[in-house]
């Protein structure tokens with residue numbers, strides 16, 4: 001692309017990736033940019049800020065060729081719909097299961113999911129058996145919009161799982177009679193839930209015995225061992241006198257360890273918007289906010305995290321990590 005009047009422009013149908021570097025995939029992904037939050041939709045345009053990262057950029061409207069303009073400083077992106085389209089009138093997309101089990105047949109009527117708003121379900125009477133080298137995904141009947149692995153590990157029945165647009169094939173076998181629930185969050189994080197034996201519905205969540213606040217705290221920077229214990233009253237947890245610094249990101253732990261269940265925003269790095277003195281944000285299990293680690297002291301040693309936000313004390317050479325070095329966060333391959 002060539003910059004004109006301080007912007008790059010192009011057209012695309014479905015999701016895509018953008019980068020300021022050519023070369024190998026490592027070169028491209030190392031200089032890539034992704035959405036910093038959800039699309040802010042108007043009538044015929046949508047905007048979002050950008051940040052460094054190699055995630056796919058999801059389309060604000062499926063099955064439509066959209067004109068995109070990107071600021072040449074890579075700070076923001078704007079999507080403009082073609083004539084005759086508006087975001088308020090966007091048709092709901094169809095979604096299908098697809099994989100080796102149906103020979104990767106696009107728009108297979110037998111694998112079409114049933115919509116209810118942005119939630120899609122299907123009961124797999126015969127289950128999905130995945131052999132070595134096989135897998136499955138969810139797509140809209142084309143390869144313009146598909147979802148696969150979005151976090152470390154594979155989906156487990158009864159556990160909400162974050163998906164990624166364009167993610168790798170999922171290799172989880174699904175028991176016969178199970179219900180697969182796909183929640184499509186356009187421009188945000190879409191999720192998958194497998195309910196064994198057709199259980200369906202949301203998985204009940206027990207109130208944890210305790211919750212801790214961890215993040216960009218003035219007293220500790222993303223250190224589970226010094227996370228702040230919240231006060232519990234029934235199923236309500238509160239914390240006071242917490243000072244946030246840097247990008248002021250945080251999430252919640254059920255124990256002072258990255259190895260135990262944790263909760264974070266449904267949309268990664270979602271801005272908290274106040275209505276008077278109150279702000280509401282949706283949280284889900286297993287979400288990380290490692291992108292917020294940017295405010296440690298200059299003299300502190302480099303901190304390494306894997307791509308799921310778990311701190312690594314002994315990085316392995318040749319592996320890709322998120323590195324916090326003197327308050328600056330980047331993705332690096334350990335030497």
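I'd like the full set of residues that are within 16 Å of residue 63 (Cβ to Cβ) and in a loop (DSSP other than H, G, I, E, B), limited to segment 87-112. Within segment 87-112, 90, 91, 92, 93, 94, 95, 106, 107 meet the criteria.
I'm trying to understand the selection: among the residues of segment 128-144, which are touching a strand residue (DSSP E or B) at 6+ places or on another chain (Cβ under 7 Å) and touching a residue at least 60 places away in the same chain (Cβ under 8 Å)? 144, the sole residue that qualifies. Output the residue which, of all residues in segment 205-231 that are in contact (Cβ under 8 Å) with a residue 12 or more places away in the chain, over 23 Å from the mean Cα position of the chain (by Cα) and under 29 Å from residue 157 (Cα atoms), is surrounded by the most Cβ atoms within 10 Å (Cβ to Cβ). Across segment 205-231, the extreme among qualifying residues is 208.
Answer yes if at least one residue in segment 263-272 is within 30 Å of residue 58 (Cα to Cα), modelled with pLDDT of 70 or more and surrounded by 15 or more Cβ atoms within 10 Å (Cβ to Cβ), and no otherwise. Yes: segment 263-272 contains one or more residues that are within 30 Å of residue 58 (Cα to Cα), modelled with pLDDT of 70 or more and surrounded by 15 or more Cβ atoms within 10 Å (Cβ to Cβ). Output the residue which, of all residues in segment 290-335 that are modelled with pLDDT under 60 and on the phi > 0 side of the Ramachandran plot, is surrounded by the fewest Cβ atoms within 10 Å (Cβ to Cβ). For segment 290-335, the residue satisfying everything is 326.
Would you be able to say whether some residue in segment 75-96 is under 30 Å from residue 126 (Cβ atoms), more than 24 Å from the chain's Cα centre (by Cα) and touching a residue at least 24 places away in the same chain (Cβ under 8 Å)? The answer is no; no qualifying residue exists.
So which of 125, 157, 107 is in contact (Cβ under 8 Å) with a residue 12 or more places away in the chain and in contact with a helix residue (DSSP H, G or I) (Cβ under 8 Å, 6 or more places away or on another chain)? Matching residue, one of 125, 157, 107: 157. Only residues that are part of a strand (DSSP E or B), modelled with pLDDT of 90 or more and surrounded by 12 or more Cβ atoms within 10 Å (Cβ to Cβ) were counted across segment 1-31, and they come to 8.
The values are calculated or read from the model by the stated rules, or taken from the named source; none is laboratory data. Please read all numbers here as calculations on a predicted model, not as lab measurements. Glycine also receives a Cβ, built like all others from the backbone with ideal geometry; neighbour counts cover every protein chain displayed.
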